[in-house]
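The values are calculated or read from the model by the stated rules, or taken from the named source; none is laboratory data. Since the model is a prediction, treat every value here as computed from it, not as a measurement. Cβ atoms come from the backbone with ideal geometry, glycine included; neighbour counts cover every protein chain shown.
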């Protein structure tokens, strides 16, 4: 049997990631199995192993792809011609997150377990894209504050990136969570990603200007 071309291999790998993404729209991470991903993509288990060894590796590839899409939005912010005030940059960053709900949903999972159950080469490939997102945010911050020191830029990213992990659960609570919160007497306020993220990012930016 002739070997697949690199282009064919990339396409087949992406097909598995697409299948994972489709299943993740209606199921949780724990509910999705490697077999289901294979069935959705019309792959045998043996064929899957040519690209991924675990379900976690496929989810890691999906997360990597989402970071790649977000980086393109960050580059658009960096290249804007308008002067970036704290309010303007916060709004742009908040809107970029609102456009990447899938990224936020993935970040709300147990990424520690996903990374631990992925091979070193897959994790390294992901970390390179993750670093690229850090660098892109850093460039946006420096466009906002060209005189910022490395420590100030790092401080912003140190607050901003962990903050992203908690956005999805606040904006998109499950029906079970909503019921429990109502029973517990908690007040529920519906907010979009942008409405939640914008004021928090403004505060992060202003704090680094103090």
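Out of all the residues in segment 24-35, which are within 15 Å of residue 57 (Cβ to Cβ) and within 18 Å of the chain's Cα centre (by Cα)?
Across segment 24-35, the qualifying residues are 24, 29.
Taking the residues in segment 201-210 that are surrounded by 15 or more Cβ atoms within 10 Å (Cβ to Cβ) and part of a helix (DSSP H, G or I) as candidates, determine which candidate is nearest to the chain's Cα centre (by Cα). Give the steps one after another, and end with the answer.
Step one: of segment 201-210, the residues surrounded by 15 or more Cβ atoms within 10 Å (Cβ to Cβ) are 201-202, 204-205, 208.
With part of a helix (DSSP H, G or I) added as a condition, the list becomes 201-202, 204-205.
Details: 201: 17, 202: 20, 204: 20, 205: 21 Å.
For segment 201-210, the residue satisfying everything is 201.
Scan segment 177-198 and report the pairs whose first residue is outside the structural domain of residue 87 (by TED's automatic domain parsing) and whose second residue is assigned to a loop (DSSP other than H, G, I, E, B) and loosely packed, with under 11 Cβ neighbours inside 10 Å, with Cβ atoms within less than 6 Å and a gap of 6+ or a chain change.
Listed by first residue and then by second, the contacts come to nothing, as the list is empty.
Here are the criteria: (1) farther than 20 Å from residue 110 by Cα; (2) surrounded by fewer than 15 Cβ atoms within 10 Å (Cβ to Cβ). Tell me which single one residue 43 does not satisfy.
All conditions pass for residue 43, except number (2).
Can you pull out every residue in segment 36-48 that is over 25 Å from the mean Cα position of the chain (by Cα) and either closer than 10 Å to residue 15 by Cα or outside the structural domain of residue 22 (by TED's automatic domain parsing) (or both)? Reasoning before the result, please.
First, pick out the residues of segment 36-48 that are over 25 Å from the mean Cα position of the chain (by Cα): 39, 42-47.
42, 43, listed by residue number.
When you check residue 93 against the structure, is it crowded, with 19+ Cβ neighbours inside 10 Å and assigned by TED's automatic domain parsing to the domain that holds residue 162, yes or no?
Taking the combined requirement at face value, the residue satisfies it.
Give me the residue from segment 1-23 that is more than 20 Å from the chain's Cα centre (by Cα) and not in a loop (DSSP other than H, G, I, E, B) and, out of that set, nearest to residue 54 (Cα to Cα).
12
Taking only segment 146-192 into account, find how many residues are assigned to a helix (DSSP H, G or I), over 22 Å from the mean Cα position of the chain (by Cα) and loosely packed, with under 15 Cβ neighbours inside 10 Å.
Here is the first cut: in segment 146-192, the ones assigned to a helix (DSSP H, G or I) are 150-165, 167-171, 175-183.
Among the residues that remain, those that are also over 22 Å from the mean Cα position of the chain (by Cα) are: 150-152, 175-183.
Going one step further and asking which of them are loosely packed, with under 15 Cβ neighbours inside 10 Å, we end up with 150-151, 175-183.
Total satisfying the criteria: 11.
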